[in-house]
Amino acid sequence: MNNAQISNDNLPKSMRYGLTSSTAVSATTRLARFASNNGNSFSPTGANEIRIRIKGDGFMDVSKHYVQFTITTAAAAGFVDTHAGSFFDRVTIESNGSIIEQINNYGLYNAIRQNYNSSLDDVLKTNVQSGAGKLGVKQEVGAFGLAGADTAAAVKIASDAFLAATNGLNLNVNKSALGQALATASSCVFTIQLESGLLKNHHEKALPDGLSEIELVLRLASNTQAMVSAGAPTYIISNPSFFCPIYMIQNADVMASYRNVVSSEGVMISGDTAKTYINSIPNTATTHTLQINDRSLSCKGLITAIRLATADATNNIYSNGSFGITGADSTQSASSYKYQIGGVNYPQTDVRINPTATATDLGRLQEETLKALAKHGEKYANSMVSTEQLVNSFGNVFASANDTHAYEVPRGLISVDLKKFSDDGLRMVGLNTSQNSSPNVLELEVAVAFGATASAITYSLCEAFYQMDGLGGLTVAI
């Protein structure tokens, strides 16, 4: 190459001194706090709905939002179930009396996201702020018994055997389903981000200046659903608030251009939200047909969490953190599945499942889950789920502080990815399930009955398109 052919494009970035950051537009920012407008103390058996009205005087940087609240326990000690999002059973966003977004069975959906969309730094962040479980191992100390009389020789025989069984033993590190301990009559302040398509939208767009007031409605989960314990803990929530940075642009020309665009065509924001469908699975070995009947403009994936039917009503069951494919033992499991949408199989061939140690087959099961739960524009989700957590029994319960099963509860999902592309520059990348009225079902083959009645909660992961008109009104197409 001669010198005449060399341009800036041929130079390393370290030499391209003209390649610098642009100067930010003049602006001011502040952290806004919005408190509940219907009281300050809430409980699952009393006033169980928190309402927070939100209206910014600028652009709301909702990618950095958080909800803060205080949990005070009574009656008995307990633990947060997976993450402090477990205290909410339903999250709704309203505008001018219309529902813009609603996620039912939110605690379970939030737990799924915490396990499949978290890197290690997220795990440690939520452990501090949201009382979430962290990485760890289960310590199991074997019996140290004497073979005979209490003599030096007998002690040596027992200690040598104990050393041989434990020295150099590999221990599996997994993410715990047991969150922060809550002692009787204690208080703890939590901060969480909500898994919302509007608040955690594609490309981290700010809610636009001029948007009319929206209302965040948080319905509390029951005591047995929010926490896990061998006892019967109760809780109240106080001082709930929504925090969000708001910035105001001080350049008049920029704001004039922005208002001209808003008045002529409005503003659209897209994000991934979830619709919920609930079915029951009888304790029988057969092919179960579960009705879903989703109607979405762009369904990016379907995920089904199977757990004990009594999960939400029982203190010692992980209502949010335990969902899987296996009953009391590895033989009691789902053996294959497929979704049928508009008479077409998704995937086109059945996904086979085998959790047994001698014929393990979990690859396609996890492949579909990781693709379905991938964030917008990404190919795979950031999973914190190990092989052991796919095959463990969803019947594992909290027995005591020394027998929590926190690292053994399962995290397996029955999933299908329906995206056409994984490109963050595209929208409407999912399957249009609203085109016809044909039934949409999940055909789940259970080779050996689970040993108990189970519930199957299916989430349709779909794109939502939020539109602000020239007057600040907000509508949604989904």
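The values are calculated or read from the model by the stated rules, or taken from the named source; none is laboratory data. Computed from a predicted model, the values in this text were never measured in an experiment. We place every Cβ from the backbone using ideal geometry, glycine too, and count neighbours over all the protein chains shown.
Observations on the structure shown:
- Only one of 329, 350 that is farther than 24 Å from residue 299 by Cα, of a type in the set (D, E, K, R) and out of contact with any Leu (no Cβ under 9 Å at 6 or more places or on another chain): 329
- Counting only strands (runs of 3 or more DSSP E) wholly contained in the range 13-127, the ones carrying 3 or more residues that are within 30 Å of residue 385 (Cα to Cα) and at pLDDT 95 or above occupy 66-74, 78-81, 88-95, 98-104.
- Residue list for the range 401-424, restricted to those being of a type outside the set (A, V, I, L, M, F, W, C), in a loop (DSSP other than H, G, I, E, B) and over 24 Å from the mean Cα position of the chain (by Cα): 402
- Candidates 81, 89 - the one that is of a type in the set (Asp, Glu) and closer than 23 Å to residue 383 by Cα: 81
- Residues located in the range 1-12, provided they are of a type in the set (A, V, I, L, M) and not in a helix (DSSP H, G or I): 1, 6, 11
- Only listed residue being surrounded by fewer than 23 Cβ atoms within 10 Å (Cβ to Cβ) and over 18 Å from residue 303 (Cα atoms), chosen from 393, 438, 383: 438
- For the range 348-359, a residue qualifies if it is over 15 Å from residue 445 (Cα atoms) and touching a residue at least 24 places away in the same chain (Cβ under 8 Å), and the qualifying residues are 356, 357.
- Meets criteria (of a type in the set (Phe, Trp, Tyr) and at pLDDT 95 or above) for residue 380: yes
- Going through (1) under 30 Å from residue 250 (Cα atoms); (2) of a type outside the set (Asp, Glu); (3) in contact with a Cys (Cβ under 9 Å, 6 or more places away or on another chain) one by one, residue 59 falls short only on (3).
- Restricting attention to the range 402-431, the residues being under 17 Å from residue 372 (Cβ atoms) and crowded, with 16+ Cβ neighbours inside 10 Å number 13.
- Within the range 29-45, residues that are in contact (Cβ under 8 Å) with a residue 40 or more places away in the chain and of a type in the set (Lys, Arg) have Cβ atoms under 9 Å from residues that are surrounded by 14 or more Cβ atoms within 10 Å (Cβ to Cβ) and assigned to a loop (DSSP other than H, G, I, E, B) in these pairs: 30/58, counting only partners at least 6 apart in sequence or on another chain.
- Evaluated against (1) in contact with a helix residue (DSSP H, G or I) (Cβ under 6 Å, 6 or more places away or on another chain); (2) closer than 30 Å to residue 388 by Cβ, residue 177 falls short on exactly one condition, (1).
- Pairs are defined by a Cβ separation below 7 Å, a sequence spacing of at least 6 or placement on different chains, a first member in the range 452-478 that is under 12 Å from residue 212 (Cβ atoms), and a second member that is of a type in the set (Val, Ile, Thr) and surrounded by 16 or more Cβ atoms within 10 Å (Cβ to Cβ); the pairs so defined are 468/267; 470/262; 474/100; 474/214.
- Elements of type strands (runs of 3 or more DSSP E) contained in the range 167-248, each with 1 or more residues being under 24 Å from the mean Cα position of the chain (by Cα), of a type in the set (Asp, Glu) and crowded, with 17+ Cβ neighbours inside 10 Å: 214-220
- Residues that are surrounded by 14 or more Cβ atoms within 10 Å (Cβ to Cβ), polar (S, T, N, Q) and farther than 24 Å from residue 397 by Cβ within the range 288-319 comprise 296, 298, listed in sequence order.
- Contacts under 7 angstrom Cβ, first residue in the range 150-170 being in contact (Cβ under 8 Å) with a residue 60 or more places away in the chain, partner surrounded by 10 or more Cβ atoms within 10 Å (Cβ to Cβ) and of a type in the set (Gly, Ala, Ser), 6 or more apart: none
- Only one entry of 337, 318 meets the criterion of being among the aromatic types (Phe, Trp, Tyr), part of a loop (DSSP other than H, G, I, E, B) and in contact with a helix residue (DSSP H, G or I) (Cβ under 9 Å, 6 or more places away or on another chain), and that entry is 318.
- Any hit, the range 368-380, residues being of a type in the set (Phe, Trp, Tyr), touching a helix residue (DSSP H, G or I) at 6+ places or on another chain (Cβ under 8 Å) and surrounded by fewer than 21 Cβ atoms within 10 Å (Cβ to Cβ): yes
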